[in-house]
1. With the condition kept exactly as written, say whether any residue in region 25-46 is modelled with pLDDT under 70 and within 28 Å of the chain's Cα centre (by Cα).
2. Within region 146-166, is even one residue within 24 Å of Gly74 (Cβ to Cβ), among the acidic types (Asp, Glu) and modelled with pLDDT of 90 or more?
3. Restricting to region 78-118, and then to whatever is within 23 Å of the chain's Cα centre (by Cα) and not in a helix (DSSP H, G or I), can you tell me which residue is surrounded by the most Cβ atoms within 10 Å (Cβ to Cβ)?
4. Which pairs have Cβ atoms under 9 Å, sit 6 or more apart or on different chains, and link a residue in region 128-148 that is assigned to a helix (DSSP H, G or I) to one that is modelled with pLDDT of 90 or more and basic (Lys, Arg)?
5. I'd like to check something: does region 119-135 contain any residue that is surrounded by 12 or more Cβ atoms within 10 Å (Cβ to Cβ), modelled with pLDDT under 90 and either over 26 Å from Leu89 (Cβ atoms) or not hydroxyl-bearing (Ser, Thr, Tyr) (or both)?
Amino acid sequence: MKSISLQMTISKKSTHYYSLLLLILVSAGLWSCSTLQRDPRSGYGFFEQDLPQANDFYEQKKAYEIDETLQDMGLGQGFYLTDGERSALATRIELKNLEKKIPTRGEKKQYYQYKGLMRSDGERIAFLSLPSTEIRAQWAKNRGYLVNEESFSEEQKLLIEKNDITLGMNQK
């Protein structure tokens with residue numbers, strides 16, 4: 001009887017030692033895998049400095065918008081802008097942002113009907129800053145910008161809706 005209890009005690013201790021040994025081996029294996037680094041020349045290495053930064057994306061987007069707007073205004077890249085040109089550039093960028101944010105199809109249609117009749121970006125910004133289509137229509141009427149939709153052919157209405165042409169464009 002004494003030998004059976006001694007064997008059980010030994011087997012419990014050996015099971016405990018085997019578990020501890022297994023735990024140590026698994027931990028060492030996982031630790032060694034976590035410290036593994038690929039050679040940078042392999043092309044598969046992972047380095048934090050290689051991650052694109054969100055700020056870089058927004059800076060590139062802003063630079064692209066500025067370049068595009070400069071091109072639209074007929075100003076080339078690499079030129080020094082006068083104070084007036086910088087102000088006009090900021091106004092045009094603000095206008096483009098407002099145009100992108102026009103929420104409904106009806107508001108877009110109304111804006112593009114009057115856009116060609118307005119003389120400046122400032123007027124367009126003022127128009128887009130008004131809160132409703134009714135107020136915008138009244139604003140345009142007060143300035144003498146009258147649009148009669150019935151005077152356009154179906155083809156012209158379709159082109160206006162697609163923003164291919166705007167009212168006030170010449171036929172060239």
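1. Yes, region 25-46 contains at least one residue that is modelled with pLDDT under 70 and within 28 Å of the chain's Cα centre (by Cα).
2. So far as region 146-166 goes, no, none of its residues is within 24 Å of Gly74 (Cβ to Cβ), among the acidic types (Asp, Glu) and modelled with pLDDT of 90 or more.
3. Among those that are within 23 Å of the chain's Cα centre (by Cα) and not in a helix (DSSP H, G or I), it is Ile102.
4. Final answer for the pair search is Leu128/Lys101; Leu128/Arg136.
5. Restricting attention to region 119-135, the residues satisfying the condition of being surrounded by 12 or more Cβ atoms within 10 Å (Cβ to Cβ) are 121-128, 130, 133.
Now restrict to residues that are modelled with pLDDT under 90: none.
Within region 119-135 (the criterion being surrounded by 12 or more Cβ atoms within 10 Å (Cβ to Cβ), modelled with pLDDT under 90 and either over 26 Å from Leu89 (Cβ atoms) or not hydroxyl-bearing (Ser, Thr, Tyr) (or both)), the answer is no, since none of the residues qualifies.
The values are calculated or read from the model by the stated rules, or taken from the named source; none is laboratory data. On a predicted model such as this, the values are computed, not experimentally measured, just so you know. We place every Cβ from the backbone using ideal geometry, glycine too, and count neighbours over all the protein chains shown.
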